[in-house]
């Protein structure tokens, strides 16, 4: 009885670890670098702005991981989507068409990943690794590895570089996607099917859930959030380049896992993924203000990622 209660307490602690981490990190940096403007409104909004794109992609990754899948192609998809947006805006001068084209690329990529994973029985890890190479090559070939400037000020304002009062439009996009993702995962039949499929695929299939369709849908959602991230990158930077998003993959995965999503499926939390991305962004920002070099920041983030995945895998083995 005591052992069962102890095990339950440990699981509860792990599931809420992201919130303890957030509080501890905020307190640590608030004390150690309070004289460098860490708690200033400008710096806090800067953290939210810098983590917005990762937070949005973490929503999609949460769906994929909860269904016991993974998508390693999102980094390459970000760059291809951003370039698609820039090309359409440059040639057709239409914001709706640019968005449709970019999201269409994301939906098509998710469908390809999903069908290969479910029908050809290729693990999503390998499927999306291969897709990442294809997408990266396409992104480079579209403009011969050159960047494309975006001169449409309306697009730039609404999709990344604008502010509504003190609040960045990037953060407003983040809030919208978080709300939609949370409602979809926690309050719909589809969300319950995703969690059931990731928790026990055979049992879910036996209970009438179309597990293959659910897995495909989860991967499509993951790809769509990556495409939206590409659009927002383009709007924020006023340009698109084939290198956009390439370094975000592991950060996105880590944000989801730190937030409480199980690496082995069956459990996911959108709010936790958002807090996880803030933790990653806060760590990066705090280390920068302390004076860490780019290499040292990368090492620290890598350590956090390894710890997060290790804890998640150990928990899944224990349960």
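The values are calculated or read from the model by the stated rules, or taken from the named source; none is laboratory data. What you see is a predicted model; the values in this text were computed from it and never measured. Quick reminder, even Gly has a Cβ in these numbers, built from the backbone with ideal geometry, and neighbours come from all protein chains shown.
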Residue tally, condition at pLDDT below 85 and either in a loop (DSSP other than H, G, I, E, B) or touching a strand residue (DSSP E or B) at 6+ places or on another chain (Cβ under 9 Å) (or both), over the stretch 267-297: 3
Residue match in the stretch 241-263 (condition: in contact with a strand residue (DSSP E or B) (Cβ under 8 Å, 6 or more places away or on another chain) and either under 28 Å from residue 162 (Cα atoms) or modelled with pLDDT of 85 or more (or both)): yes
Qualifying residue in the stretch 127-136 (condition: surrounded by fewer than 19 Cβ atoms within 10 Å (Cβ to Cβ), in contact (Cβ under 8 Å) with a residue 12 or more places away in the chain, touching a helix residue (DSSP H, G or I) at 6+ places or on another chain (Cβ under 8 Å) and farther than 21 Å from residue 242 by Cα): no
